[in-house]
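The values are calculated or read from the model by the stated rules, or taken from the named source; none is laboratory data. None of these values were measured; they are calculated from a predicted model. With ideal geometry, Cβ positions are generated from the backbone for all residues, glycine too; neighbour counts draw on all protein chains shown.
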Amino acid sequence: MYLVTRNGARRLLEAVANGQLPFDAANYVAECIVLNDHFDFADEAVRDAIYLVEDDTGRFVAGEDDWRPTRDEILTALALLD
């Protein structure tokens, strides 16, 4: 079993927030973590942060192919990891 830590979740969210990692790539990584039975989350804040990046259903709700969480949403999730 692999543990997704606060540091790992923070690095993923920071990379997206700072434009160092395209959202689609982060979304793919997060989806692989969520769908894999070999990963566990250190705590609820880590789980919520990964699910924020993984959940791209907003694309369908908003009808926009390039939908992504806002920078404010990402920064809020980052604050919960501190």
Residue check for Leu13: buried (at least 18 other Cβ atoms within 10 Å of the Cβ), touching a residue at least 60 places away in the same chain (Cβ under 8 Å) and touching a Lys or Arg at 6+ places or on another chain (Cβ under 7 Å): no
Residue that is nearest to Thr70 (Cα to Cα) [pool: residues in segment 1-42 that are part of a strand (DSSP E or B) and among the aliphatic types (A, V, I, L, M)]: Val4
Any hit, segment 55-62, residues being assigned to a helix (DSSP H, G or I), among the aromatic types (Phe, Trp, Tyr), closer than 19 Å to Met1 by Cα and modelled with pLDDT under 95: no
Residues of segment 63-82 classified as at pLDDT below 90 and either assigned to a helix (DSSP H, G or I) or surrounded by 12 or more Cβ atoms within 10 Å (Cβ to Cβ) (or both), total: 3
Filter result (among the hydrophobic types (A, V, I, L, M, F, W, C) and in contact with a strand residue (DSSP E or B) (Cβ under 6 Å, 6 or more places away or on another chain)) within segment 1-41: Met1, Leu3, Val4, Ile33, Phe39, Phe41
